[in-house]
Structure formats: structure tokens, C-alpha cells
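J.: A single structure is presented below for examination.
Nothing in this text is a laboratory measurement; each read-out follows from the coordinates by a stated rule. Everything numeric here is computed off the predicted structure, so don't read it as measured data. Every residue, glycine as well, gets a Cβ built from its backbone with ideal geometry; the counts of neighbours run over all protein chains shown.
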Amino acid sequence: MWSVTDELDARNRLARAQRGDEDAFAQLTAPYHRELQLHCYRILGSLQDAEDLLQETLLAAWRGLEQFEGRSSLRAWLYTIATNRCLNVLRDRGRRPQPVAVGGSGPHPAESAAEISWLEPYPDALIEGIADGAPGPEARYEAKETVALAFVSGLQHLAPRQRAVLVLRDVLGFHADEVGEMLGSSPASVNSALQRARATLESRVPASRERLALPLTGAERELVGRFADALERDDIDEVIAMLTDDAVISMPPEPEWHRGHEAIGAFLRARVMMRDGPWRFVATGANGQPAFAYYLADGERGGWVRQGLLVVGVGGDGITSVTRFRDDGLLDRFDLPARL
């Protein structure tokens, strides 16, 4: 619980930081590092970009700390800087999803992920214990839902300003007047953007409460374990039996997805034929969902070489999605060995 002593200590550190004390600044901002990085990830969809934007935010805050007058909380001020830095990145890059159609039709969260070439997984270790696990009173979503791949990829289909408004309002729970001040607009403009953002997101992530990451039941954990074991053994028939009828496999940044038992079965059997030797899985977690790093046998040196990550979506009646990410050094953030 925040006490009067804590408040006095924070004010003292702020005064010291504004006089140029770097240690005091580090103490002030350290509690917000992880939640600010996750905030940038939600808006940008990229772990690498989020790491870069966190550093930019802290540098901008340090340089502008003398101008911080305390009219808002330090946390809200940092979110203002981070959000506007993210919007600058989106304006500069003009990144917008390009629709594709491979293997099916109709909206599906995994199809949405396939359209986001820059989408990257986010390690569960960076989410655990994060401050925005207890969002403000205006929040609409549970914290676990808002890190799921389906949610993050769905956000990427929103216009940048709508994206920022939805995250600030529905994820973090800031009031409309606070968000208006952050973005330099009126509460009415914020609410208008929020309504449009909600409608677009719902069209991209249908039946979201069933698709997004939530704590798994014992039966679901057992299902994921059996699914990973069957996939590792290349038992395609058993794999297919555990999929929902509209399950999807996608492979960002490749603009390809396969939906339904027949399409996924054909894809997996072709991949077994193409792969040179067996593979091995190591359990981990990404975006609040079960995930497995996969390793391929090294025929020359022996052992196993890390190749990528599979993030699994689970619904009430089976496996709903598998999203594969190549290992381009990103898995170093998951604390997974390069070789086994």
C-alpha cells in the first residue's frame, strides 16, 4: 500500500532527478520498465521494436524531466511519451497489413496473425508480475487476454491512433480525459476513436473470449501436452484429431495460413517429407499461451539445433491455432539454449 512516507520519498527522488541525479531517475522509472515495454509491444506487435521504444521513452523522459510539473502521475506521463513515440514509428513506417487468402476464407485470429509480417512472440517471463496486471477501472479486458497473439495481431489492423486509444482505454483503463490529454485531443474525439477501434477489433477477433489467452484448465494442459507429443512424433492423424474444425496454422512473416483438418493435414505431411530428420520440442510460454521451441537434429555435429517457436491456441473443444515463428535470434530472449 502506498503510504505518506512513500509519497515523500518519491517527491524527493523526483526533485533530485530533476536536478540531474541519474540514480534517482533510475529508481523512479524502474518500476515501469516492463509494463511500458509491453505497452509498446501491443501497439507495434514487435518485441524488438518494443525494446527500442522503451529506451527511446526513457531517454526522452530524462531529457524532458525538468518540464514534468506533476499535473499527472509520473506513470501517466511516461505512458504519454511511450504512446506518442510509438505513433511516430507507425507514421514513419506506414506499416499496414496486406490481406492474403490461402487455404480458407472468413475471419479467424490466426489468419489475422498471418497478415502481420512483423509480428513477434513475447516471452511469458517478461509478463509475469507486471504492474498493469491490475488495470484501471475503465479497462475492458483482463490482462491475460491483451497479450495473446490473436489480440495483438488484431490491434495491428487498427489505424495507429485508434490502436493507441483502445490500448490506453480498454487495456490500461485510463479515463477518456486522461487519454485526450496524452494524445492532445478531446474526450469526445477519444470516445469516437474508441468505438471505431472496438468495432474493427471485434471483426478481426471473433468470439474473442474463447480465442484469447486465459489460464489453462488441467484438461487443457493435458491436451496441449498430448498435442505436442503427437506433433513431435509426426503422428499427423493424432494431431488432426485434436484440432477444432476451423483450426489454423500460420507462419509469420510468411503470408500463408492453412485452415481446417484437410488443409492442415496436407501441409503437415508435406513438411514431414521436406524435413531432414526428426525434431525435438522444449516447453516454454509466449503471449500467455503454451509454446514450444523446436530443434532439428544436427547430422554433422550431433545434438539438436534451435530453429523456431510454436505458439499454441487452445479453445474449449480442442487446439484452435498453431503459430510458428522462425528463430532469427529472437528466441535468445526466451532463455532457450541454441543447441541441445
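J.: Quick one: 3J(HN,Hα) in Hz for the range 288-305, Karplus 6.51/-1.76/1.60 with θ = phi - 60°, rounded, Gly and Pro as x.
T.: With coefficients 6.51, -1.76 and 1.60, one gets x, 10, x, 8, 9, 6, 10, 10, 9, 5, 9, x, 8, 9, x, x, 9, 10 Hz.
J.: With everything on Cα atoms, drop me the angle between helix 218-232 and the longest principal axis of the chain, reported from 0 to 90° to the nearest 10.
T.: Around 60 degrees separate the two axes.
J.: Then there is this: Just to be sure I understand, if you calculate Rg/Rh (Cα atoms, Kirkwood Rh) for this structure, which of [x] 1.01; [y] 1.14; [z] 0.97 do you get?
T.: [x]
J.: How far apart, in nm, are two points set 7 Å out from the Cα along the Cα-to-Cβ line at Ala199 and at Asp9?
T.: 4.9 nm
J.: For the chain, find the longest principal axis of its Cα atoms and tell me its angle to the long axis of helix 4-18, 0 to 90°, nearest 10.
T.: 90 degrees
J.: First select every other residue whose beta carbon is under 12 angstrom from the beta carbon of Ala15; then total the charges, Lys and Arg +1, Asp and Glu -1.
T.: Numbers: positive: Arg11, Arg13, Arg16, Arg19; negative: Asp9, Asp21, Glu66.
So the surrounding residues net to +1.
J.: Tally the DSSP beta bridges in the chain and give the antiparallel ones as a percent, rounded to 5.
T.: In the chain, approximately 90 percent of DSSP beta bridges are antiparallel ones.
J.: How many nm separate the modelled label positions at Asn88 and Ala125, each set 7 Å beyond the Cα in the direction of the Cβ?
T.: Label at Asn88, label at Ala125, 3.1 nm between them.
J.: A further question follows. Give me a comma-separated list of calculated 3J(HN,Hα) values for the range 71-81, in order, Karplus coefficients 6.51, -1.76, 1.60 applied at θ = phi - 60°, integers in Hz, x for any Gly or Pro.
T.: Going residue by residue, I get 5, 10, 5, 4, 4, 5, 5, 5, 5, 4, 4 Hz, with x marking Gly and Pro.
J.: When the dipole is taken about the Cα centre of the chain, and only Lys, Arg (+1) and Asp, Glu (-1) are charged at their Cβ, what size is it in debye, to the nearest 20?
T.: Working: 38 positive and 50 negative charges, 153 e Å.
I would put it at about 740 debye.
J.: If I fit a long axis through the Cα atoms of helix 261-274 and take the longest principal axis of the Cα atoms of the chain, what angle between them do I get, 0 to 90°, rounded to 10?
T.: Relative to the chain, helix 261-274 is tipped by roughly 80 degrees.
J.: Taking a ≥ b ≥ c as the square roots of the eigenvalues of the Cα gyration tensor of the range 154-297, is the shape rounded (a/c under 1.5), prolate (a/b larger than b/c) or oblate?
T.: Working: a/c = 2.73, a/b = 2.44, b/c = 1.12.
Cα axes put the range 154-297 in the prolate bin.
J.: Related question: Amide H neighbours of Gly288 under 5 Å, counting only residues 5+ apart in sequence or on other chains, H built in-plane at 1.01 Å?
T.: Those lying under 5 Å, H to H, from Gly288 are Asp124.
J.: Of Ala247, Ala26, Ala263, which has the largest mean-square fluctuation in a 10 Å C-alpha GNM of the chain?
T.: Highest fluctuation of the listed residues: Ala26.
J.: Sequence-distant or interchain residues sharing an amide H contact under 5 Å with Ala139, placed H: which?
T.: Here the answer is Gly173, since their amide H atoms fall under 5 Å of that of Ala139.
J.: In addition: Which FRET efficiency value, to the nearest 0.05, is calculated for Leu296 and Glu51 with the Förster distance at 41 angstrom and r the Cβ-Cβ distance?
T.: 0.90
J.: Take Asp229, project a point 7 Å from its Cα along the Cβ direction, then tell me which residues of the range 280-312 have their backbone nitrogen under 13 Å from it.
T.: What the label zone holds, given the 13 Å backbone N cut-off, is no residue at all.
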